[in-house]
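So the structure is just underneath, and the comments pick up after that.
The values are calculated or read from the model by the stated rules, or taken from the named source; none is laboratory data. On a predicted model such as this, the values are computed, not experimentally measured, just so you know. No Cβ is skipped: glycine too gets one built from the backbone with ideal geometry, and neighbour counts run over all protein chains shown.
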Amino acid sequence: MVGLSRNESGQLVETILDIMTKALQAGETVKISSFGTWIVREKAARQGRNPKTKEPATIASRRVIVFRPSQILKKTTNGEKISAADLEKDK
């Protein structure tokens with residue numbers, strides 16, 4: 001479709017994913033227009049419980065990645081039509 005071989009296409013996808021991974025590791029937000037946004041969130045340490053032993057346990061602080069789909073992706077997934085206003089909002 002774009003004139004790339006299967007190998008070149010694979011390398012392109014791997015390069016894009018590598019760039020996205022490095023940005024997320026640096027705590028940056030990654031947005032793909034009309035698709036969605038990946039956000040890194042910090043979760044504080046908290047008290048939890050081991051479900052097997054019922055013993056209290058401390059859950060360490062950590063970073064998590066959250067994906068938020070765009071309105072366009074949500075609408076197309078549900079078979080809804082996309083308007084020009086939807087495209088403008090997503091920029």
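Just checking, which of K89, K81, K31 is basic (K, R) and touching a Ser or Thr at 6+ places or on another chain (Cβ under 6 Å)?
Criteria check complete, one pass: K31.
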- [ ] Would you please name the residue that is nearest to K75 (Cα to Cα), looking only at residues in region 25-38 that are small (G, A, S) and surrounded by 11 or more Cβ atoms within 10 Å (Cβ to Cβ)?
- [x] S34
TODO: Output the number of residues of region 34-44 satisfying the condition of being touching a residue at least 40 places away in the same chain (Cβ under 8 Å) and either within 13 Å of V66 (Cβ to Cβ) or under 12 Å from the mean Cα position of the chain (by Cα) (or both).
DONE: 0
Open item on the list: Name the single residue that is surrounded by the most Cβ atoms within 10 Å (Cβ to Cβ) among those in region 70-91 being modelled with pLDDT of 90 or more and basic (K, R).
Closed with: K75
- [ ] Would you mind finding the one in R41, R63 that is modelled with pLDDT of 95 or more, surrounded by fewer than 11 Cβ atoms within 10 Å (Cβ to Cβ) and not in a helix (DSSP H, G or I)?
- [x] R41
